[in-house]
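A.B. asks: Here you go, one structure.
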């Protein structure tokens, strides 16, 4: 999971960074309860010290949203000529397999007839 949400509603009292580069966010709720939450390094935080957050509010930018090639466009599954070509190829493979089985059966009959002599 790359998007981290706040565990409780409240105010961010401290934002510290560990030796590994992770961010530790401490949130103080309206009842005085303090919770700390770790956010791994490399994620860009959208909150800063003193901000008020709601429960389940995102604390960082979702790295999977947006980016190269993620615009809304018309979806084209495949060209019809490719589908027809694929179906023709499958039919040829199926026909070849059937002919190989028939040829094997003929060969087995010949071998059985030779054993009877």
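A.B. asks: Which angle between 0 and 90 degrees, to the nearest 10, do you get for helix 80-115 versus the longest principal axis of the chain when only C-alpha atoms count?
C.D. replies: 40
A.B. asks: Can you show me the helix-derived [θ] at 222 nm for the chain, built from DSSP H runs with n ≥ 4 at -39,500 (n - 2.57) apiece and divided by the number of residues, rounded to the nearest 500. Mind showing how you got there, number by number?
C.D. replies: Values: 1 runs with 36 residues, N = 117.
Mean residue ellipticity at 222 nm (helix-derived): -11500 deg cm²/dmol.
A.B. asks: How would you order 40-52, 78-90, 6-18 from highest to lowest mean count of nearby Cβ atoms within 10 Å?
C.D. replies: 6-18, 40-52, 78-90
A.B. asks: How many percent of all Cα-Cα pairs in the chain sit more than 20 Å apart?
C.D. replies: Beyond 20 Å sits 67 percent of the P(r) for the chain.
Read-outs throughout are calculated quantities, based only on the coordinates presented, and are distinct from any laboratory measurement. All of these numbers come straight from a predicted model, not from anything done at the bench. With ideal geometry, Cβ positions are generated from the backbone for all residues, glycine too; neighbour counts draw on all protein chains shown.
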